[in-house]
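Each remark here refers to the structure printed beneath this line.
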Amino acid sequence: MNIALIFYIIGRVLQIEAVFLLPSCAVALSYGEWQGWVYLGVAAAAALAGQLICMRKPKNMTFLTRDGFAAVSLSWLVLSAVGALPLRLCGDIRSYTDALFETISGFTTTGATILT
């Protein structure tokens with residue numbers, strides 16, 4: 001398994017997620033809501049983490065099927081974990097576990113929710 005390449009892909013996924021957090025930040029700040037700064041902070045942290053992970057490009061770019069499965073699974077987990085941070089930090093959801101559940105539920109479009 002090409003661990004270096006999988007981590008490189010995870011870093012790129014973090015950078016992409018940081019970009020996708022920016023519209024939420026822009027909308028919140030345009031309405032004068034303080035939560036926009038939380039989204040901006042999480043986006044900056046995700047971009048920085050992604051950049052740090054991607055600093056070294058892997059020498060071996062061979063990508064096997066099992067590497068693909070690992071990269072997709074880990075990307076899904078990382079996207080959910082980072083996506084839950086703004087919900088928890090803004091105080092919209094009281095526990096990180098519930099915020100993670102809501103994020104995973106949103107990504108999988110199951111419709112399950114803990115919100116009333």
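What to note about this one:
- Lone unmet requirement of (1) within 16 Å of Ile6 (Cβ to Cβ); (2) over 16 Å from the mean Cα position of the chain (by Cα); (3) β-branched (Val, Ile, Thr) for Ile93: (1)
- When Gly83, Gly106, Gly68 are checked against the criterion of being over 16 Å from the mean Cα position of the chain (by Cα) and either open to solvent by less than 60 Å² (accessible area, probe 1.4 Å) or small (Gly, Ala, Ser) (or both), Gly68 stands alone in meeting it.
- If you go through segment 45-75 and keep only what is in contact (Cβ under 8 Å) with a residue 24 or more places away in the chain, closer than 12 Å to Ile9 by Cβ and not in a loop (DSSP other than H, G, I, E, B), you end up with Gly50, Ile53, Asp67, Ala70, Ala71, Leu74, Ser75.
- Matching option when the condition is at pLDDT below 95, in contact with a Leu (Cβ under 8 Å, 6 or more places away or on another chain) and open to solvent by 90 Å² or more (accessible area, probe 1.4 Å), among Met1, Met55: Met1
- Pair list, Cβ < 6 Å and 6+ apart or interchain, from segment 84-96 residues that are closer than 17 Å to Glu33 by Cβ to residues that are open to solvent by less than 40 Å² (accessible area, probe 1.4 Å) and part of a loop (DSSP other than H, G, I, E, B): Leu87/Ile93
The values are calculated or read from the model by the stated rules, or taken from the named source; none is laboratory data. Remember, it's a predicted structure, so these values are computed and weren't measured experimentally. Reconstructed Cβ throughout: ideal geometry from the backbone, glycine too, with neighbour counts over all protein chains shown. Note: areas computed on protein heavy atoms with side chains; ligands, DNA, RNA excluded. Shrake-Rupley method; radii C 1.70, N 1.55, O 1.52, S 1.80 Å.
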